[in-house]
Every structure is written in C-alpha cells, then in structure tokens.
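Q: Got a structure for you, questions after.
The values are calculated or read from the model by the stated rules, or taken from the named source; none is laboratory data. Model, not experiment: these values are computed from the prediction. All Cβ positions, even for glycine, are placed from backbone atoms using ideal geometry, and neighbour counts span all protein chains on display.
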Amino acid sequence: MKKKVVVFETDPGVLEFLKSFFKGRSEYALVKRHTRKSDIFARYGGEEFIMLLPQTSRKGARREAERVREAVSEHSFCTEKTAVSITVSVGVASFPHKKIKNHDDLIHCADTAMFEAKKKGRNMVNIFPAK
C-alpha cells in the first residue's frame with residue numbers, strides 16, 4: 001500500500017509567543033481546516049505535527065504539503081494587541097522506498113526531510129530523498 005507522511009514544525013521566531021498564548025491549539029485548528037477528509041492529522045511530539053496521506057502520489061503529497069504550508073504562512077494569528085504570522089518547515093517521505101522498511105523509518109525520513117527544509121532556509125517543503 002502506498003503511504004505518504006508529512007511532518008512539519010513551526011519555524012523559530014514566534015515559538016515562545018505560540019507556547020504562551022496558543023499552546024498549539026490554534027495552529028492545529030488551522031492546519032486541520034486545510035486537510036482533506038482522507039488525511040489523518042495529529043500533533044506528533046512537542047512542536048511537530050504529522051499527516052498521513054493514504055493513496056496519494058508523491059506529486060500529490062508535495063502539492064498537499066505546499067497547500068498547508070501556504071495556508072499557515074498566509075494566516076494571521078490575532079491577539080488583543082497584535083497579529084502574528086508564522087511559517088512551517090515541511091518534510092515529506094513516501095512508502096514504498098528502498099530505505100523505508102517500516103512505519104518508524106517512514107516517519108524518520110519525513111522528519112529528516114523537515115530538518116533539511118529548516119537548514120535550507122525554512123518555510124518550505126522538502127521531499128525525502130533529496131534529488
């Protein structure tokens with residue numbers, strides 16, 4: 001069965017603001033509104049979120065990841081005093097792949113791709129393996 005996993009994390013800069021004000025609820029709700037009914041979306045670890053995209057092609061997974069990334073970066077989180085915009089770095093991994101033997105490998109590869117997106121400048125989608 002084809003499986004695609006998207007892992008993403010809020011980029012630095014407003015993380016302390018998000019922790020103190022939103023505690024992750026608003027960013028979760030925003031992304032959840034932009035997922036398809038067939039996608040499975042959840043918080044994964046401290047600052048990370050994960051999305052399983054069943055029966056989605058590699059190209060389709062990139063498109064969905066990019067759509068969510070854009071939705072987050074275009075949204076303003078409003079408080080009584082200010083509006084704050086955030087960005088996310090996104091990693092995508094696909095199964096089947098010769099380096100991916102199980103679900104843990106799939107998540108690890110998506111996580112690796114996400115950290116590569118952060119290294120490359122943040123606010124982008126990175127696909128495992130890099131070509």
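Q: Only residues that are surrounded by fewer than 19 Cβ atoms within 10 Å (Cβ to Cβ) and more than 15 Å from Asn126 (Cα to Cα): list them for the stretch 58-77, please. Break it down stepwise before answering.
A: Going through the stretch 58-77, the residues surrounded by fewer than 19 Cβ atoms within 10 Å (Cβ to Cβ) turn out to be 58-60, 63, 66-67, 70-71, 73-77.
If the condition is that a residue be surrounded by fewer than 19 Cβ atoms within 10 Å (Cβ to Cβ) and more than 15 Å from Asn126 (Cα to Cα), then Ala71, Ser73, Glu74, His75, Ser76, Phe77 are the ones that fit.
Q: Name the strands (runs of 3 or more DSSP E) wholly within the stretch 66-110 that hold at least 3 residues that are hydrophobic (A, V, I, L, M, F, W, C)?
A: Working: elements: 76-78, 83-85, 88-95.
Answer list for the stretch 66-110: 88-95.
Q: Across the stretch 41-54, which residue is surrounded by the fewest Cβ atoms within 10 Å (Cβ to Cβ) among those that are at pLDDT 85 or above and over 10 Å from the mean Cα position of the chain (by Cα)?
A: Restricting to residues being at pLDDT 85 or above and over 10 Å from the mean Cα position of the chain (by Cα), the top hit is Pro54.
Q: Regarding the stretch 111-123, can at least one residue be identified that is touching a strand residue (DSSP E or B) at 6+ places or on another chain (Cβ under 9 Å) and within 20 Å of Ala29 (Cα to Cα)?
A: yes
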